[in-house]
């Protein structure tokens with residue numbers, strides 16, 4: 001007779017325990033994926049846009065309809081795709097300060113090359129809000145010119161709509177071309193994306209320090225990226241930020257503990273990045289950067305002294321391969337602490353390998369580094385920046401994500417680059433308030 | 001009334017506790033209680049893909065030693081040192097660089113948790129928080145590594161005494177280990193033996 005009431009009393013407890021396990025300790029998520037148009041949308045049946053036409057979209061645009069979601073002015077970047085990028089398609093990206101929004105669009109020509117459509121997704125970087133976007137390029141003669149690969153003679157406009165989630169776009173979005181981008185030969189401001197493009201927690205569509213996020217980085221607003229380099233127990237340089245493999249960044253029930261304890265075979269057998277990608281080798285990352293992107297710079301944030309020499313050697317190899325392929329790719333070894341710095345100097349790499357130091361301005365000269373990369377907490381240091389720039393060096397602050405700070409550093413320091421988790425926001429802010437730094441050699 | 005098939009462990013716990021009904025008068029003095037558990041537990045999260053597994057065993061031995069201060073107050077603080085085998089498997093993984101790799105691995109945890117216990121007649125509910133050291137042993141290509149990480153997590157249990165004397169008790173306990181930082185959860189059941197090491 002007692003069993004019935006007892007069972008009733010205990011079962012809720014068991015259910016609560018199991019529910020706790022399921023809700024607080026469930027398997028790691030696979031991250032949100034950006035919405036896509038059903039059946040590939042209009043781009044599925046579109047003809048490719050000539051690679052040379054994508055540059056026409058670069059600059060700033062005034063937003064008419066849709067300003068409540070994206071602000072009154074957005075900045076636009078583009079990747080050309082095609083040859084030199086392993087045949088990947090070009091993209092047009094729009095970056096806003098409001099909601100830290102970004103829009104990544106593919107392009108295609110319709111109706112025999114008389115219409116040009118841009119389709120893709122929008123995303124607020126600071127939240128998980130996302131949706132679809134479809135825009136048509138106007139006026140018709142400009143669209144026709146771009147589809148033919150020639151320069152349009154009239155100012156571009158974009159008219160279309162955006163939607164919420166996977167709903168087809170329904171809210172009007174209209175933009176008019178405003179101004180050319182701040183770009184001059186020899187005077188370049190670099191947007192450097194942290195951890196290969198974005199952090200895993202930012203959920204930009206790929207895990208941090210993955211090959212997939214490297215391929216995304218340019219569409220997120222970067223023209224250079226920072227990646228983290230560690231050695232496995234058997235000396236293979238891999239990309240990973242933390243000291244330990246943990247569920248913060250990887251999946252795999254056995255993928256736990258210090259990275260240096262794992263052989264490369266163990267990494268391959270036991271570990272996947274949070275969104276399912278492989279933990280890449282440094283060599284695979286460099287090959288991806290050189291062969292599948294047009295990224296201009298790669299900052300190797302070397303986490304251990306033992307990784308300095310192999311990282312610098314691979315950097316040299318892939319810079320040579322890039323040069324042989326006729327493209328510029330600056331790959332610099334980051335010297336973030338004194339141990340790593342001393343290992344670089346001790347290995348006889350001064351003068352023969354490109355480097356970046358986060359330590360002191362004097363160390364830039366001591367190791368003959370091209371780049372000084374102070375932490376933002378040291379302030380804009382305008383005199384130091386100017387002195388280094390006058391000496392032919394480059395200054396890149398890390399890591400700036402807040403608009404007010406980004407603006408302050410752009411105005412006061414006039415740096416050559418900013419490292420950020422919000423490449424689209426930095427891209428936008430530079431176009432709005434930034435000044436091109438003095439002429440400098442490529443880093 | 002017969003218990004449903006889905007709760008045999010609860011039914012067993014209750015059945016084992018019946019003889020003690022007549023003996024249970026409840027604690028009336030302060031005591032330091034030592035309790036040991038030996039049982040079996042299994043991992044319920046994360047969900048493991050079995051696609052590459054050649055062999056697998058979910059769960060294994062679960063052991064613990066508990067020190068609890070019991071008084072006339074309703075809640076009794078405790079600390080516990082535990083060990084639980086969570087998962088073991090042999091997997092074959094095809095890789096681009098290294099070809100097919102066989103990985104023989106196991107995951108276990110050593111825990112140190114503390115919290116309050118509540119005695120309700122024959123039953124005791126416990127909840128706590130503590131440190132879990134997740135232990136991995138893995139052999140790939142003849143190389144064995146031992147790695148570990150420390151994680152914070154939770155603990156909860158419900159137990160009942162089946163046999164009780166003034167200073168000694170035997171019983172059964174159901175427990176959940178929730179290693180929230182590692183995304184791992186384990187449920188287990190075990191036999192308990194407890195005695196009052198010090199009574200005043």
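Can you compute the FRET efficiency between residue A:171 and residue A:328 using 1/(1 + (r/R0)^6), with r the Cβ-Cβ distance and R0 = 45 Å? Round to the nearest 0.05.
That gives a FRET efficiency of 0.65.
Computed FRET efficiency, Cβ-Cβ of residue A:337 and residue B:165, R0 60 Å: what is it to the nearest 0.05?
0.45
Over the range A:38-179, what is the relative contact order in percent, taking alpha-carbon pairs closer than 8 angstrom and at least six residues apart?
Relative contact order here is 23 percent.
Give me the number: length gained by fully extending residue A:292 to residue A:187, i.e. 0.36 nm times residue separation minus the C-alpha to C-alpha distance, one decimal in nm.
35.3 nm
Once you put a point 7 Å from the Cα of residue A:34 and another 7 Å from the Cα of residue B:79, both along the Cβ direction, what distance in nm separates them?
Here the modelled spin labels are 5.3 nm apart.
Within the range A:239-258, whose backbone N sits under 17 Å from a point 7 Å along Cα→Cβ of residue B:131?
A:257-258
Per-residue ellipticity at 222 nm for chain A, helices alone: DSSP H runs ≥ 4 residues times -39500 (n - 2.57), over residue total, nearest 500 deg cm²/dmol?
-8000 deg cm²/dmol
Can you bin chain A into rounded, prolate or oblate? Criterion: square roots of the alpha carbon gyration tensor eigenvalues sorted a ≥ b ≥ c, rounded for a/c under 1.5, prolate for a/b above b/c, oblate for the rest.
Note, shape of chain A comes out oblate.
How many percent of DSSP beta bridges within chain A run antiparallel, rounded to 5?
Counting DSSP beta bridges with both partners in chain A, the antiparallel share is about 65 percent.
Output the direction-averaged projected area (hull surface divided by four) of the convex hull of the alpha-carbon atoms of the range B:58-169, in nm².
9.1 nm²
Which residue, A:190, A:328, A:266, tops the fluctuation ranking in a GNM of chain A built on C-alpha contacts under 10 Å?
Comparing A:190, A:328, A:266 in a Gaussian network model of chain A, the most mobile one is A:266.
Can you give me the Cα centroid spacing of the range A:244-266 and the range A:392-443 in angstrom?
After rounding, the separation between the Cα centres reads 35 Å.
Which of A:277, A:184, A:148, B:51 comes first, and how do the rest follow, when ranked by fewest Cβ neighbours within 10 Å?
Arranged by neighbour count, lowest to highest, A:277, A:184, A:148, B:51 become B:51, A:184, A:148, A:277.
Any idea what the relative contact order of the range A:190-433 is, in percent, if you count C-alpha pairs under 8 Å spaced at least 6 apart?
18 percent
Length gain on complete extension for the stretch residue B:102 to residue B:120, per 0.36 nm per residue less the alpha carbon to alpha carbon distance?
Working it through step by step, the gained length comes to 1.5 nm.
Give the shape of the range A:111-227 as rounded, prolate or oblate, defined through the alpha-carbon gyration tensor: a ≥ b ≥ c are the square roots of its eigenvalues, a/c under 1.5 means rounded, and otherwise the shape is prolate if a/b is larger than b/c and oblate if not.
oblate
Compute the label zone of residue A:347 within the range A:292-310: residues whose backbone N is under 16 Å from the point 7 Å along Cα-to-Cβ.
Inside the label zone: A:299-310.
What does the structure give for B:174-182 when I average, per residue, the other chain Cβ atoms found within 10 Å of the residue Cβ?
Partner Cβ neighbours, averaged per residue: 5.
Counting other C-beta atoms within 10 Å, which of B:76, A:128, B:30 has the fewest, and how do the rest follow?
A:128, B:30, B:76
Determine the relative contact order of chain A: mean sequence separation of Cα pairs under 8 Å and six or more apart, normalised by residue count, in whole percent.
Computed over chain A, the figure is 14 percent.
Where the centroid of each part is defined by its Cα atoms, how far is the range A:114-153 from the range B:157-200 in Å?
For the range A:114-153 versus the range B:157-200, the Cα centre distance is 64 Å.
Please work out the C-alpha center-to-center distance from the range A:156-174 to the range A:282-312 and express it in whole Å.
Computed from Cα coordinates, the inter-centre distance equals 38 Å.
What distance in nm lies between label points placed 7 Å from Cα along the C-beta direction at residue B:65 and residue A:260?
Rounded to a tenth, the inter-label distance reads 3.3 nm.
Nearest 5 percent is fine: what portion of the DSSP beta bridges confined to the range A:190-433 is antiparallel?
Counting only bridges with both partners in the range A:190-433, antiparallel ones make up about 25 percent.
In nm, to one decimal, how far is the residue A:150 label point from the residue A:58 one, both placed 7 Å along Cα→Cβ?
2.3 nm
Please determine, in degrees from 0 to 90 and to the nearest 10, the orientation of helix B:8-21 with respect to the longest principal axis defined by the Cα atoms of chain B, where the helix direction is its Cα long axis.
20 degrees
Subtract the Cα-Cα distance of residue B:53 and residue B:38 from 0.36 nm times their separation in residues, and report this length gain in nm to one decimal.
Fully extending the segment from residue B:53 to residue B:38 adds 2.6 nm.
What is the fewest-to-most order of A:52, A:357 by other Cβ atoms lying within 10 Å of their Cβ?
Going from least to most buried by this count: A:52, A:357.
Starting from the Cα gyration tensor of chain B, take the square roots of the eigenvalues, sort them a ≥ b ≥ c, and report rounded, prolate or oblate (rounded when a/c is under 1.5, otherwise prolate if a/b is larger than b/c, else oblate).
prolate
Rule-based calculations on the coordinates, nothing more; no lab input. Given the structure is predicted, the values throughout are model-derived calculations rather than measurements. Cβ sites come from the backbone with ideal geometry, for glycine too, and all protein chains shown count toward neighbours.
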